[in-house]
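Rule-based calculations on the coordinates, nothing more; no lab input. This structure is a prediction, so every number in the text was calculated from the model and none was measured. Here Cβ is always computed from backbone atoms with ideal geometry, including for glycine, and neighbour counts include all displayed protein chains.
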Amino acid sequence: MKVFKYMRGAISFKKYYRLLNDLYVTVFGRELMLHFPFYMNEDESFIQRQNNLIDHCLSGLGDLSGQTLLEVGCGNGANCKYISEINDSVKIIGIDLNEDNLVIANQHMGSERTVFYHDDAQKLEYIEDSSVDVLICIESALHYPDKNAFFSQIKRVLKPEGKFLVADILRRKEDSGRSLWWWKRTMLLHHTNENDYLGYAGENKLHYLAIRDITPEIVKGYDGHKSWIPRENRSWGSFVLLQFTLALLVRLYLKELRKHKKYMVFNGVHA
Ligand SMILES: C[S@@+](CC[C@H](N)C(=O)[O-])C[C@H]1O[C@@H](n2cnc3c(N)ncnc32)[C@H](O)[C@@H]1O
């Protein structure tokens, strides 16, 4: 049964993303963004809530027309596709370390204004100095062991006055960092806290314009998840197993977000 394959597959970082991509294709018929949903209204679909997060992140970055936007940790490229569809003159570069995600990006998420590279956020070898107007990084920095190296790359690749946005899941101040150790090891998680983030910007002479805690909107984003999986064209058994898998994932995410973590958005500029 496919769902058992998914569950067995959820044992490594790479397989986790394969699992999510496969799960979305099974449930929604296509690959979706790989980030959490953001609540704005009742009765929104999961896809709408994922779009809400991108809209929220872009809202502080001004008009993207004619700009070069770099998405660091672009995953399967679904964010890049969405951004290229809402603005018809933005040029987009997406980079990611995971080849499987990049295959999907190149096959399904490209446009004549979008390119994808296999690159490491801590090195950005494909990106020239002072070449980027806007840099975004959504739910990816939690995987970087050396976030200071990532911030020094932000400084290097942004144009003067260039803007950046990092959306990341941080440890709460009171959290000892020992929660769910097996999940952390499996998923290559390197959560830090807000103080560290202040340090990365300070050390690299980057300036934050706004810092927001959007944990409540993310937690509420899972409201109504039981109605997200369409029942049509699916056997009762696979429907129940999909619901079970979703319930398990939601429980895991919400436990972490409510007890140990917070979802933060950092908006900043180069100067
Ligand atoms: C949760 S997904 C988010 C993808 C996308 N930003 C989104 O919002 O849908 C995290 C992505 O970060 C990528 N990643 C992890 N470590 C990375 C690194 N050092 N450099 C570049 N990408 C990395 C993973 O491969 C994965 O595709």
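Odds and ends about this structure:
- Under 13 Å, Cβ to Cβ, from E31 - net charge with Lys/Arg +1 and Asp/Glu -1: +1
- Assigned charges on the beta-carbon of Lys, Arg, Asp, Glu; the chain dipole about Cα centre (debye): 1280 debye
- When C80, C57 are sorted by how many other C-beta atoms sit within 10 angstrom of their C-beta, beginning with the fewest, the order is C57, C80.
- Magnitude of the charge dipole for the range 90-176, about its Cα centre and with charges confined to Cβ atoms of Lys, Arg (+1) and Asp, Glu (-1), is about 380 debye.
- Mean projection of the Cα convex hull over all viewing directions, computed for the range 1-141: 9.3 nm².
- Each Lys and Arg contributes +1 and each Asp and Glu -1, all at the Cβ; summed about the Cα centre of the range 187-271, the dipole is approximately 380 debye.
- Among F164, F244, F13, the ranking by other beta carbons within 10 Å of each residue's beta carbon, starting with the fewest, stands as F244, F13, F164.
- Volume of the Cα convex hull of the chain, divided per residue and given in Å³: 123 Å³
- The mean of 1/r over all pairs of different alpha-carbon atoms in the range 160-249, once inverted, gives a Kirkwood hydrodynamic radius of 17.0 Å.
- When the alpha carbon gyration tensor of the range 60-211 is reduced to an equivalent ellipsoid, the three semi-axes, largest first, read 26, 19, 13 Å.
- Ordering I138, I229 by the number of other Cβ atoms within 10 Å of each residue's own Cβ, fewest first, gives I229, I138.
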